[in-house]
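Remarks on the structure that follows.
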Amino acid sequence: MLPDGAVAFEAPNATRVFEVLGEAGWRAGEPWTPLRRDLTAPVDAPGLRVEVVEAGHSAQFTAVHRAVWGNDRFTDERWRAMADGPAFARARCLLGRDSSGVAVAGPAANGPAVAAYRSAGFEPEPARLDRSRPA
């Protein structure tokens, strides 16, 4: 299911899959901050615009992920495959833009990005570590 070589996989902390991957030699990655916001009403936050990433418009979303995670394999094609899958039926990818229109990302080490999302009403959840398999 996963390609050969180095791979990063999000497995929530303190879950059995996180433990099993660790036992199999997968390393814990850097912490990142999941952010959640009720989007039943429009986002009204000065300095932050939030967009739902739609099919055919994923290039900046995938570019942010490649830059943040240092993984050039997360392409628009892979995003489409993910978005077309059954696990994505009720999910949405969101892209935040700062006041100049620049896309921002949410790794825990990027304090200004996390602060921008919090100021827009996003609630941080406990930091998570991804698991990565060496090449």
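Condition check ((1) open to solvent by 80 Å² or more (accessible area, probe 1.4 Å); (2) modelled with pLDDT under 75; (3) in contact with a helix residue (DSSP H, G or I) (Cβ under 8 Å, 6 or more places away or on another chain); (4) of a type in the set (Asp, Glu)) across all residues:
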residue	(1), (2), (3), (4)
Arg97	no, no, no, no
Pro107	no, yes, yes, no
Pro112	yes, yes, no, no
Ala120	no, yes, no, no
Ser132	no, no, no, no
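Please go through (1) under 13 Å from the mean Cα position of the chain (by Cα); (2) open to solvent by less than 40 Å² (accessible area, probe 1.4 Å); (3) touching a residue at least 24 places away in the same chain (Cβ under 8 Å) for Thr62 and return the number of the only condition it doesn't satisfy.
(3)
Among the residues of segment 1-46, which ones are over 20 Å from the mean Cα position of the chain (by Cα), loosely packed, with under 12 Cβ neighbours inside 10 Å and at pLDDT 80 or above?
Arg16, Glu23, Ala24, Gly25
Of Gly85, Gly70, which residue is within 20 Å of Ala8 (Cα to Cα), exposed (fewer than 13 other Cβ atoms within 10 Å of the Cβ) and at pLDDT below 80?
It is Gly70.
Scan segment 37-57 and give yes if some residue there is more than 21 Å from Ala120 (Cβ to Cβ) and either among the charged types (D, E, K, R) or touching a Cys at 6+ places or on another chain (Cβ under 6 Å) (or both), otherwise no.
No, that holds for no residue.
The values are calculated or read from the model by the stated rules, or taken from the named source; none is laboratory data. Computed from a predicted structure; not experimentally measured. Because the Cβ atoms are built from the backbone with ideal geometry, glycine has one as well, and the counts that use them run over all protein chains shown. Accessible surface is based on the protein model in full, side chains and every heavy atom, while ligands, DNA and RNA are left aside. Shrake-Rupley method; radii C 1.70, N 1.55, O 1.52, S 1.80 Å.
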